Amino acid sequence: MLRSEGGFRPWSDDREMRAAEAGGMTSQRDAGPAITVEGLTKRYGRRTVVDDLTFTVRAGAVTGFFGPNGAGKTTALKAVAGLARPSAGTVSVLGAPVGSVVPDARRVGVHIEPCGAHPARSARAHLRALALAAGLPRRRVEEVLEIAELTPAAGRRVGAFSLGMRQRLGLAAALLGDPEILVLDEPANGLDPQGIRRLRTMLRERAAKGGTVLLSSHLLAEAAQTVDDVVVIDRGRLVHEGPISEVESLEDVFLELTGGVER
Amino acid sequence: MIGLLRGELLKSVTTRAVWGFAAGGTAFAVLNAVLIAVASGTLDEVPEKKEALSGLPVLLLLWGLVGAAGEYRHRTAAPAALAARRGRGTVLAVRIAAYALTGLGLALLINAVAVGVALPLLADQPGPALTSGQVAGVVAGNVLALVLATVLGAALGALIRGPVAGAVVLLILALVVQPLLSGAWEREANLLPFGAADVMTGGTHDTTLTVPQAGAVFAAWTVLAVLVAVACERRRDLA
């Protein structure tokens, strides 16, 4: 149940929409990568969760980040967001290395489950605190509540929210700074079909305007309608990277590459 | 930085916990004043009368600890760090400053209630009445102890990152370890955080420390805890 930022446009065919966008996006697509991950390794004790992972995310494109449960997707996304320190390797966002200082909320918006709101706090208070921290005006809170269609529930405690509402609150928080880059960890989880469709529309519209999206998902059929590029990892390692146009069936490729056919 | 501080302040007062601790603190102040001034018989010495005004630093230590550790328990620390455009250590330092300010508000409220309830009751007691200077001295010690306790609690909460585990550790230290140490070496135990806080709030009299000296001891422990917490925050991942 997400409202697109530029007004909801009911695209009947998302591939048609992407074809329409492609004509006006040459400059973004020719630009350098928005995110560069090089040799990223993350260990927790003796356990290696992400292993020498290298990939890039094109500016102005939606990149799907796929892998089975426990493949290291969330850990890699946390490293991209600056929330987890790499054991080895580097992550650069818009050309700047992600170090101990996390990227600016106006440049990178992040939603990694759970939504990061205290269950006893209202959605509006949660977003207001984040807006204050980011130096954003109060009206932006109302705007993202509107985009996430949470305005009627904004005064309610987050603990009383459904999974879908918490997801929308997490997305609203990621959108607060109207960032150039969105990093989203399974954003469609818990959303109803209408919400998933509106999320897809919103992400495509952002890409059409030159924005960049890196998202992980297990909903492969849905993601195939949204993404331009595909990155697949298994056991923390890269197994595929390339445009979605080169993939006939995302699900078949995913299962083949990650050994899911035999599992 | 001011925006971040305002954001952290807003967070600290938009859960029910702060109101619970405010209610608990004022209830303790009333109970303590009534028990000391009325139920404990004749109070004819100034130190005895001062006890009717004493605060309970462990309560605000618990408030700081539960609040700061809850940031990790509820995963609210990560979006705050993402929004703040600052290093994690800076965000934690500002969060602790916000807890210091809320702790100051709670300390002033608790002490206002304690003074308001205790002074009329103490007026009926024999012996010298507390002068306004003595009352101000007790309140100053109490307020400083309560604020430092909040800050120490927030630093410990950031280090331990689990509200329940932190609360258990804290209560064991306050209710078991400190009394045992005080029983064995009372004066030396006043150099520990809980002992120094006791001196500041008039909870113990067998000490060579003055209230300002005890304040300096408690402040030193608190600053050490904050520095360790900030240094650790810089190195640790946020969930």
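List the number of the failed condition for B:L61; all other conditions in (1) surrounded by 22 or more Cβ atoms within 10 Å (Cβ to Cβ); (2) among the hydrophobic types (A, V, I, L, M, F, W, C); (3) within 14 Å of another protein chain (Cβ to nearest Cβ); (4) touching a residue at least 60 places away in the same chain (Cβ under 8 Å) hold.
(3)
Could you check the stretch B:183-239 for helices (runs of 4 or more DSSP H) lying wholly inside it with 1 or more residues that are within 14 Å of another protein chain (Cβ to nearest Cβ)?
Working: elements: B:186-189, B:193-200, B:211-235.
Ranges flagged: B:211-235.
Quick test for you: out of A:G170, A:G82, pick the one residue that is facing chain B (nearest Cβ under 9 Å) and either among the basic types (K, R) or closer than 23 Å to B:T90 by Cβ (or both). Outline the logic, then answer.
Working: A:G170 fails: either among the basic types (K, R) or closer than 23 Å to B:T90 by Cβ (or both).
Only one candidate passes the filter, namely A:G82.
Within the bounds of the stretch A:116-135, is there any residue that is in contact with a Leu (Cβ under 8 Å, 6 or more places away or on another chain), free of Cβ contacts under 8 Å to residues at least 60 places away in the same chain, more than 9 Å from chain B (Cβ to nearest Cβ) and closer than 13 Å to A:A174 by Cα?
Restricting attention to the stretch A:116-135, the residues satisfying the condition of being in contact with a Leu (Cβ under 8 Å, 6 or more places away or on another chain) are A:117, A:123-134.
If we keep only those that are free of Cβ contacts under 8 Å to residues at least 60 places away in the same chain as well, we get A:117, A:123-134.
Filter again for more than 9 Å from chain B (Cβ to nearest Cβ), leaving A:123-124, A:127.
After this cut, where a residue has to be closer than 13 Å to A:A174 by Cα as well, the list is A:127.
Yes: one or more hits.
Please state which one of B:E51, B:E71 is within 14 Å of chain A (Cβ to nearest Cβ), in contact (Cβ under 8 Å) with a residue 24 or more places away in the chain and among the acidic types (D, E).
Values: B:E51 fails: within 14 Å of chain A (Cβ to nearest Cβ).
Exactly one of B:E51, B:E71 is within 14 Å of chain A (Cβ to nearest Cβ), in contact (Cβ under 8 Å) with a residue 24 or more places away in the chain and among the acidic types (D, E), namely B:E71.
Please go through the stretch A:76-97 and give me each residue that is without any contact (Cβ under 8 Å) to a residue 40 or more places away in the chain and under 17 Å from the mean Cα position of the chain (by Cα), ordered by number.
A:K78, A:G82, A:L83
Just name the residue that is farthest from the other protein chains (Cβ to nearest Cβ) out of those in the stretch A:60-75 that are over 16 Å from the mean Cα position of the chain (by Cα) and under 24 Å from A:D228 (Cβ atoms). It would help to see each step written out before you state the result.
Initial filter on the stretch A:60-75 (over 16 Å from the mean Cα position of the chain (by Cα)): A:68-71.
Cutting the leftovers down to under 24 Å from A:D228 (Cβ atoms) gives us A:68, A:71.
On the way: A:P68: 21, A:A71: 18 Å.
By that ranking, first place goes to A:P68.
Given (1) farther than 30 Å from B:V230 by Cβ; (2) surrounded by fewer than 21 Cβ atoms within 10 Å (Cβ to Cβ); (3) among the aliphatic types (A, V, I, L, M), identify the lone condition not met by B:A97.
With respect to (1) farther than 30 Å from B:V230 by Cβ; (2) surrounded by fewer than 21 Cβ atoms within 10 Å (Cβ to Cβ); (3) among the aliphatic types (A, V, I, L, M), B:A97 is out only on (1).
Could you check the stretch A:85-106 and list, in sequence order, the residues that are facing another protein chain (nearest Cβ under 9 Å) and either under 15 Å from A:L214 (Cβ atoms) or at pLDDT 85 or above (or both)? Talk me through it step by step, then tell me what you get.
Residues of the stretch A:85-106 facing another protein chain (nearest Cβ under 9 Å): A:85, A:99-106.
Scanning the stretch A:85-106 gives A:R85, A:P103.
Considering every residue within the stretch B:110-123, establish whether at least one is within 14 Å of chain A (Cβ to nearest Cβ) and either closer than 30 Å to A:V93 by Cα or without any contact (Cβ under 8 Å) to a residue 12 or more places away in the chain (or both).
no
Yes/no per residue for (1) small (G, A, S); (2) under 20 Å from A:I196 (Cα atoms):
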residue	(1), (2)
A:G211	yes, yes
A:V227	no, yes
A:V231	no, no
A:V239	no, no
A:V247	no, no
A:L250	no, yes
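Of all residues in the stretch A:234-257, how many are surrounded by 15 or more Cβ atoms within 10 Å (Cβ to Cβ) and either free of Cβ contacts under 8 Å to residues at least 12 places away in the same chain or among the small types (G, A, S) (or both)?
Going through the stretch A:234-257 one residue at a time, the tally reaches 3.
Taking B:R16 as meeting all but one of (1) among the basic types (K, R); (2) buried (at least 21 other Cβ atoms within 10 Å of the Cβ); (3) within 14 Å of chain A (Cβ to nearest Cβ), write down the number of the exception.
Condition (2) is where B:R16 drops out.
Can we say B:A78 is out of contact with any strand residue (DSSP E or B) (no Cβ under 7 Å at 6 or more places or on another chain) and within 14 Å of chain A (Cβ to nearest Cβ)? Before the answer, list the steps.
Details: out of contact with any strand residue (DSSP E or B) (no Cβ under 7 Å at 6 or more places or on another chain): yes; within 14 Å of chain A (Cβ to nearest Cβ): yes.
Yes; evaluated as a whole, the condition is true for this residue.
Of the residues in the stretch B:19-58, how many are part of a loop (DSSP other than H, G, I, E, B) and crowded, with 16+ Cβ neighbours inside 10 Å?
6
The values are calculated or read from the model by the stated rules, or taken from the named source; none is laboratory data. Just so we're clear, the structure is a prediction, and the values are computed from it rather than from any experiment. Cβ sites come from the backbone with ideal geometry, for glycine too, and all protein chains shown count toward neighbours.
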